[in-house]
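What follows is one structure encoded as structure tokens, with my remarks underneath.
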Amino acid sequence: MADLYEPDFGTAYYRSKDPVKNLKLRVKLVRITSSSAVPAAGQQDGGGSVELQTISQSPKKTRDAEEYTFTWQEKVFSPREIELYSDPQNCFSVMEKKYCNDIKNILEKGKPTNRLFSYVAYDKYVSSDEAIQYMTTSASEKPTAVAEKMIQARRRKMGGPKRQSEASGIPRTNIIDLEPSQDLKRKNHFMAAPVQTMFIMADCSPTERPAEASDEIVVCSIQIDANGVLAIRPDFNKGRKPYVIETTGLGRDVYEFSIEHASKSISRQEQDRENRMYRELYSRHTEFLQACVGFEFEMPPPEVLRLAVHGEIESARNFEYDDLYLHFFLDLPKNWTADPHQQLSWVTQTCKTRIEGRDDVAYFSFPFDFELFYKQDSVREENKDEMPHLPCVLIEVLSLDSWNRFRTEGYTYINVPSTPGVSTHTLHCWRPIGNSVTSELRRFFIGGSPELEDPTYAAVPTTFDGQLLGKYGFRTETTGSVSVRLNTIFQARAFLERRASKRSLGSLLDTLGINAVQSNISNVLDAFKRARQRMIQARENATHDLMNETKDKNV
């Protein structure tokens, strides 16, 4: 229970949706000075010994209290700043000249003697405790060179027209400076922090001498970022003991201070009204998102299959030359269609190879996606396969040399898997070669190589209309391999109608072609029955004719 009343010097974080200009902090500073308990020393006339006098009374204590309520970014001048800015010769910037005018108005009413003051975002002050980030808790740790440079960097105000103009505009002067100053280095190397900071300070200087910068002690640091997170160090007292600070030097004065939240609290009615406003805002945002996405799950039309493929060209291995790139496109079979704006051809970036073990690998990580639709014709032709043929991705691997000449490194293809899900495929490539060594010499010296006039020849040519495909006599050479990852998604109403068991959802072909298969089987069975009836009828007729001939011979 004693820890609940001890002060907490850590940083407290708060999040508020209200404007930060309404923030108020009440700081109370009490000076506690104890009269020294050192006894008076006197010398005897005859000897050189020192006699300690007995103290019969307790030390005397004097209390000097001061209280002030600070608002956000409220500038309160210290005695040192009053002495500094009261002289116009010490004021150079626009803000310092403004401070000079404000101090003149203050001095007309009388010289203040306050100990509590503040540093706002416009002042050139950075607390060493806030800037230096120590890695350990050791007292012997010293700040790094970067931390010391960061102390000198000025904290800037977030946002503002000046920052927006600097970010959006291009400087008209030469941006290259061969001999940059220290301020220019800090400006270019340290980005403006997206925070606003305010320091509440205490002047602990003795009354017998003028105030100095070393006598200023940070009482409280307040920092807020663009997300509305407020950081206060140290935290509000909240009924705990006051914080204690002790000055350095001969006097070693002791001060106690407390920090309280003095902002105007919101009433119950205003809080309810604000909550209703936020609920209405969130509901409108939810309605807007639903309007963008849709209220229902989009389904394809009846008897239409939707195919969505999200793929990635992962890598290429063991090709002859470096600087590889891939050109690949889709080959759509019959009854497959795509949206007019759908991209069906892609070209990857040029990629250099690296050695991994014994392989030369080029990593592309090139993503692609497409969406297709399949609808079977209403009129069914006879002697035609009614099973849907899935699209094919035709891939061509090329290389580029330093003279911007390209060479064909290989061809390959991949059919879209009939099973939905994620799958990885390794595709082995080949390239055509000529009938003589001339083509290889031309490929090595002047670039270029034999190419396919019809890229679909890598798989099944589009002009092929037969039952047997022969490529005998076509000279090729094995090259490298391409790794492809595919994520396949099928969507159709037939899946919803036939989801009773996993066996009925085994593959796409079974699901889509079940009606066609059943109709084909029924047609085959009917034809078999008719042929059997004709065979039985012919056999009966032959038997009847044979019996008639036998009777005629016997007669």
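Since every read-out is calculated from the coordinates, none of them should be taken as a lab result. As the structure is a prediction and not an experimental result, all values here were calculated from the model. When we count neighbours, we look across all protein chains shown, and the Cβ atoms used for this are built from the backbone with ideal geometry, even at glycine.
Compared with the direct C-alpha span, the chain from residue 439 to residue 534 gains 27.8 nm at full extension, assuming 0.36 nm per residue.
Taking amide H as placed 1.01 Å from N in the peptide plane, the amide H of residue 219 sits under 5 Å from that of 200, 201, 202, each at least 5 places away or on another chain. Potential lengthening of the chain between residue 14 and residue 225 amounts to 74.9 nm, from the contour at 0.36 nm per residue minus the alpha-carbon distance.
Sparse packing (at most 14 other Cβ atoms within 10 Å of the Cβ) combined with a DSSP loop state is found for the following GluC sites (Glu not before Pro) in the range 434-467: 451, 453.
Count charges around residue 448 for me, please; just the other residues with Cβ under 13 Å from its Cβ, Lys/Arg as +1, Asp/Glu as -1.
On the way: positive: 405, 407, 431, 442, 443; negative: 401, 409, 440, 451.
Residues near residue 448 contribute +1 overall.
How much net charge surrounds residue 213 when only the other residues with a Cβ under 12 Å from the Cβ of residue 213 are counted, with Lys and Arg +1 and Asp and Glu -1? Summing Lys and Arg as +1 and Asp and Glu as -1 gives -4.
Sorted by packing (mean other beta-carbon atoms within 10 Å per residue), highest first, where do 315-327, 339-351 land? Can you show the working numbers first?
On the way: 315-327: 19.2, 339-351: 12.9.
Top of the packing list down: 315-327, 339-351.
Around the amide H of residue 195, modelled in the peptide plane, lie the amide H atoms of 158, all under 5 Å away and 5 or more residues distant in sequence or on another chain. 3J(HN,Hα) couplings calculated from phi for the range 411-427 with the Karplus curve 6.51 cos²θ - 1.76 cosθ + 1.60 (θ = phi - 60°) are, in sequence order, 10, 6, 7, 8, 7, 4, x, 7, 9, x, x, 9, 8, 10, 10, 10, 9 Hz; Gly and Pro show x. Across the range 257-269, rounded Karplus estimates of 3J(HN,Hα) from the backbone phi angles (6.51 cos²θ - 1.76 cosθ + 1.60, θ = phi - 60°) give 9, 9, 10, 10, 7, 10, 5, 5, 6, 7, 6, 5, 5 Hz, Gly and Pro being marked x.
Quick one: work out Rg over Rh on the C-alpha atoms of the range 304-499, Rh as Kirkwood radius.
1.01
Calculated FRET efficiency, residue 298 to residue 329, Cβ-Cβ distance, R0 = 30 Å: about 0.65 to the nearest 0.05. Counting Lys +1, Arg +1, Asp -1, Glu -1, what net charge surrounds residue 118 among other residues with beta carbon under 9 Å of its beta carbon? Here the count lands on -1.
About its Cα centre, the range 78-121 has a charge dipole of approximately 120 debye under the convention of +1 per Lys or Arg Cβ and -1 per Asp or Glu Cβ, with nothing else charged.
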